[in-house]
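Read-outs throughout are calculated quantities, based only on the coordinates presented, and are distinct from any laboratory measurement. Bear in mind that the values here come from a model prediction, so they are computed numbers and not experimental data. Every residue, glycine as well, gets a Cβ built from its backbone with ideal geometry; the counts of neighbours run over all protein chains shown.
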Amino acid sequence: MLTEKQKETILATVPVLRENGVVLTKHFYKRMFNNHPELKNIFNLGNQSNGKQQTALAMAVLAYAENIANPGILMPVIDLIGHKHTSLNIQPEQYSIVGENLIGAIKEVLQELATNDVVEAWIIAYKQLSDLMIGYEAGLYNKKATHENGWTGWKSFVIRKKVEESKEVTSFYLYPEDGGGVPLHLPGQYLSVRAFLPQLGLLQPRQYSISCAPNGEFYRISVKKESGMALRPDGMISNRLHEMQEGEHIEITSPSGNFILKESANNKVFISGGIGQTPLIAMLESIISKDELGNSLLWIHGCRSSDVHAFSEAIVKAEANNKNISSCFFYEDATYIPDGYYKGRIDLSKINQWQPDTNAEYYICGPAAFIKTHYDYLKNCNVPADNIFFEEFGPQALQLN
C-alpha cells in the first residue's frame, strides 16, 4: 500500500506528466515492443501509428496520478478499459510486462527527475492499479463465462452471409463454428475480431460494433471498406474482411463495451456520423423488436452522399412503421439532396422546428471532434451531461462527462 508520503510523491509528478506524458508513453510502447515483440499481435498498431493509443495512455496515467488518494473516482475509466482488455483477452501476467516497461520508461525519460523515491512510489502505485484492474477484469471474464452460451478468449465463427449496405459498407452475419447459440449482447456493445495481416506478418485485433438486435443465434457487424494507397492497419483489417467470402472463418471474442442503451421510457435522440451509426442501429432494432419505444425517437445521421448512406432503407422503414420515430439526414458532398434532407455536415441548430429536449437521452457515436461538437451544443442547450452518452471509435481521448 502507498504511504501518505508516497502519495504526495506521486502527486508531485503530475506537472511532469502533463508536460511529458505522451513522450513517456511513446517511449514505453517502443521499449515494450522491442523487449516483447509478440505483444504486437495483441495491440492495435493502427492506434500506435496515429498516436491515439499513446495519448490515451498518457491521459490515463495522468488521471491516476491526480486521483492517487482516491482511485475509486476513476471507476468509469476502469470499466471502459476493463471492457477493452477483456475483449482482447488480456491476461494478468501481461500486467507484469507492462509494469516492468512503464517503470523502465519513467527512469529513461524523466532521468534525474526519476529519483529513487519517485521510482519506488510508482512501482507501488502501478502494483495497486494493476491489482485493481486484474480484479475488475476477473469479474468481467466471469460474467462472460457464466452467460448462457458464453465464452472467454477467442472463438471461431463462420461468415454465413454478406450483405452490401452501401458502396462502402458491408454487413457480415457471424455464426458460431460449433453450431451453438451466442450470448445475448447489450445493444451498443462491440466484438473484437482478429485477422492475420500478411503485410505486417502479424495478427491484428479490431473492434466492431454489433449492428443488430440481440437474437441468441448470430452477430452482425457492418464494416466500412477503406481506400487509399497507404492504409493503416485498421484499414487493412477492414479490407481483409471485405475480401473474405461466405463460409470462411474468423475469430472473435464475446461482446464487450459499456456504451449501451438505457432501460427507460425517455425520449431518445441518436446522432451518428458515417459508420458511427452501427451501435445505434443495434439499439434501434432492439427497441423495435421489443416494442419498447417510449415517447419518441429522433434519428440524426450524416454522411457524404446517398452512395455511402448505409441502412437508409431500414431507417425509412422503421419510421414508416412507427409513428414515434422520425429521422433527419445530412449529406455533405452530394450534388443531389433529396427533399427534407440537409446539405452539409450535421448541424443540430439547422433542424427545422426542433429544440433539444432537456429530459431526453442523447446517444452520439463518431470521431472525437464530431462527438465534442454535438456534446457542446447540447450542453449549451441545457441538456444535462448525465443525459448524454457517447462512444469514440478507437482509444478514448475525450474527457467530457
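By the gyration tensor of its Cα atoms, with a ≥ b ≥ c the square roots of the eigenvalues, what is the shape of the chain: rounded for a/c under 1.5, prolate for a/b over b/c, or oblate?
On the way: a/c = 1.80, a/b = 1.45, b/c = 1.24.
Prolate shape, in that a/c is at least 1.5 and a/b is the bigger ratio.
Under the definition of Cα pairs under 8 Å and six or more residues apart, what whole-number percent is the relative contact order of segment 270-401? Can you show the working numbers first?
Working: 177 pairs, mean separation 32.5, N = 132.
This gives 25 percent for segment 270-401.
With an 8 Å cut-off on Cα pairs and a minimum separation of 6 or more residues, tell me the relative contact order of segment 1-103 in percent.
On the way: 46 pairs, mean separation 40.1, N = 103.
RCO, segment 1-103: 39 percent.
With an a/c value of 1.5 or above and a/b not larger than b/c for the gyration tensor axes a ≥ b ≥ c computed over the alpha-carbon atoms, segment 4-146 is described as oblate. Eigen-decomposition of the gyration tensor built on the alpha-carbon atoms of segment 204-349 gives equivalent ellipsoid semi-axes of 27, 22, 13 angstrom, largest listed first.
Full-extension gain between N70 and E120, please, as 0.36 nm times their residue separation minus the C-alpha to C-alpha distance.
16.1 nm
For segment 311-385, the relative contact order comes to 19 percent (Cα pairs under 8 Å, sequence separation of at least 6).
For segment 268-392, the Stokes-Einstein estimate of translational diffusion at 4 °C and a viscosity of 1.567 mPa s comes to 88 µm²/s, using the Kirkwood hydrodynamic radius over alpha-carbon pairs.
Cut-off under 22 Å on the C-alpha distance; same-chain residues fewer than 8 positions from K5 excluded. Which lysines are left, in chain and number order? The qualifying lysines are K107, K127. Residue-wise HN-Hα couplings along segment 68-79, as the Karplus relation 6.51 cos²θ - 1.76 cosθ + 1.60 with θ = phi - 60° gives them from phi, are 4, 6, 8, x, x, 4, 8, 4, x, 6, 4, 5 Hz; Gly and Pro carry x. Helical content of the chain, expressed as a calculated mean residue ellipticity at 222 nm, amounts to -13000 deg cm²/dmol (DSSP H runs of 4 or more residues, -39,500 (n - 2.57) each, divided by residue number, nearest 500). Segment 231-288 and segment 57-109 have Cα centres separated by 26 Å. With the cut-off at under 19 Å, measuring from each backbone N in segment 195-215 to a point 7 Å along the Cα-to-Cβ line of E243 picks out 195-207. Counted over the chain, the DSSP beta bridges are approximately 55% antiparallel.
Cross-link reach is defined here as a Cα-Cα straight distance under 22 Å, omitting same-chain residues fewer than 8 places apart; for K290 the lysines meeting it are K262, K268, K317, K323. Take the Cα of N215, step 7 Å toward its Cβ, do the same at Q353, and the gap between the two points is 3.7 nm.
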